Amino acid sequence: MGQLYIIPDRQNIEQSMSLIKEYEGAFEYNDFWMPAILDDRQKQEEIIEYYAKYRTDFSKDTMHGAFLDVCIHSEDPLIREVSVKRVRQSLDIAERMGLRGVVFHTGILAGCRTSGYLEHWKRANAEFFTQIAEEYPKQQIFMENMFDEQPAELAELGEMMRGVDNFGICLDYAHSVLSNSPEEEWIKILAPYIRHMHINDNDLYRDLHQPVGDGMIDWKSFVKLIQQYQIDPTVLVEVKGYEGQKKSLEYFEKTACISR
């Protein structure tokens, strides 16, 4: 795997700092996706100033962008207007911090298999994020699967965006396990477009964000798949808290997926 990321814990920031130092990792900030924060410039600055006390270089870090009810492909112009605003707010924060990139969700309605809807989703997202990528050239934009049932739409979007250097797919492996498609299909089809990944564990039924190795996901199979399809993206251990993060990283050391 590529460079490892963890979510910094502001309540235990020194432990978070020690962990990324130990594994030569980076942070993915999970502070700015909430509407209350996005609408409070003073609070944003307070959070940024807090992290700046401990981190002088943010250039390898990423953040999770707005995703609650964000639907830039909505047919409703008012919903689309607010969604576009939230995406821009997220990227503006990342630009102020000097981050490497921002993760957004697909926003595909769970269970919706209408061909017209999915075609519109692809066209609308390709058009919008091509424009956004041009406006924010210093930001990598990652599109993450959430409730998506299959990888085809993301792969087709990735192909449509192939010429956009600062756009790529963020494969959330735990989400893919909960989908209707085999994990291998997700990695095989998305391999050319994956630039970032999220990993955590679950019971194969619910999105639990357990420490890696504590749930039912077959991580040895995961290691074989990323080796087989030769992908080496940056990887966020999307688990909250130092203990769970440390446990996850140690588990991967034992499976020979990472080394120090």
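May I have the convex hull volume per residue, in Å³, for the Cα set of the stretch 179-253?
Residue-normalised Cα hull volume stands at 90 Å³.
Find the relative contact order for the stretch 111-231 and round it to a whole percent, using C-alpha pairs within less than 8 Å whose residues are 6+ positions apart. Show your work: numbers first, answer last.
Working: 160 pairs, mean separation 25.3, N = 121.
Rounded, it is 21 percent for the stretch 111-231.
Check which residues have an amide H placed less than 5 Å from Tyr29's amide H, if you skip close sequence neighbours.
Counting only residues 5 or more places away or on other chains, the set is Thr62, Met63, His64.
How would Phe67, Phe167 line up by accessible area, probe 1.4 Å, largest first? Please list the in-between numbers first.
Numbers: Phe67 60, Phe167 10 Å².
Listed by decreasing accessible area, they come as Phe67, Phe167.
Compare Ser16, Ser181, Ser83 in a GNM of the chain, Cα atoms joined below 10 Å, and give the one with the largest fluctuation.
With Cα springs under 10 Å in the chain, the top fluctuation among Ser16, Ser181, Ser83 is at Ser181.
Say R0 is 25 Å: what FRET efficiency, to the nearest 0.05, do Leu78 and Arg41 get from their beta-carbon distance?
About 0.60, to the nearest 0.05.
For the stretch 212-218, what does the Karplus curve 6.51 cos²θ - 1.76 cosθ + 1.60, with θ = phi - 60°, yield as ³J(HN,Hα) per residue in whole Hz, taken in order and with x for Gly and Pro?
4, x, 8, x, 10, 5, 7
Can you list residues from other chains, or at least 5 along the same chain, whose modelled amide H is less than 5 Å from the amide H of Asp9?
Ser16
Between rounded, prolate and oblate, where does the stretch 159-203 land on the alpha carbon gyration tensor, with a ≥ b ≥ c its root eigenvalues, rounded for a/c under 1.5, else prolate if a/b exceeds b/c?
The shape class here is prolate.
Quick check: from the Cα gyration tensor, does the stretch 88-213 come out rounded (a/c under 1.5), prolate or oblate?
Verdict is oblate for the stretch 88-213.
Please compute the contact order of the chain in relative form: average sequence separation of alpha-carbon pairs under 8 Å and at least six residues apart, divided by the residue count, as a percent.
About 19 percent, as a whole number.
Using only the heavy atoms of the protein chains and a 1.4 Å probe, how would Arg55, Arg162 rank by accessible area, largest first?
Listed by decreasing accessible area, they come as Arg162, Arg55.
How many angstrom lie between the Cα centre of the stretch 129-163 and the Cα centre of the stretch 190-240?
19
Rounded, prolate or oblate: which one fits the stretch 79-120, using the alpha carbon gyration tensor with axes a ≥ b ≥ c (rounded when a/c is under 1.5, else prolate when a/b beats b/c, else oblate)?
Prolate, since a/c reaches 1.5 and a/b exceeds b/c.
How large is the dipole of the stretch 68-217 about the Cα centre if only Lys and Arg carry +1 and Asp and Glu carry -1, each at its Cβ, rounded to the nearest 20 debye?
In debye, rounded to 20, the stretch 68-217 gives about 440.
Given Lys60/Lys85; Lys85/Lys138; Lys53/Lys254; Lys53/Lys138, which pairs have Cα atoms separated by over 29 Å?
Lys53/Lys254
Order the following by accessible area, largest value first: Met160, Met97. Probe radius 1.4 Å; ligands, DNA and RNA are ignored.
In descending accessible area the options line up as Met160, Met97.
The values are calculated or read from the model by the stated rules, or taken from the named source; none is laboratory data. Just so we're clear, the structure is a prediction, and the values are computed from it rather than from any experiment. Here the Cβ is made from the backbone with ideal geometry for all residues, glycine too, and neighbour counts use every protein chain on show. For accessibility, only protein heavy atoms count, side chains too; no ligands or nucleic acids. Shrake-Rupley method; radii C 1.70, N 1.55, O 1.52, S 1.80 Å.
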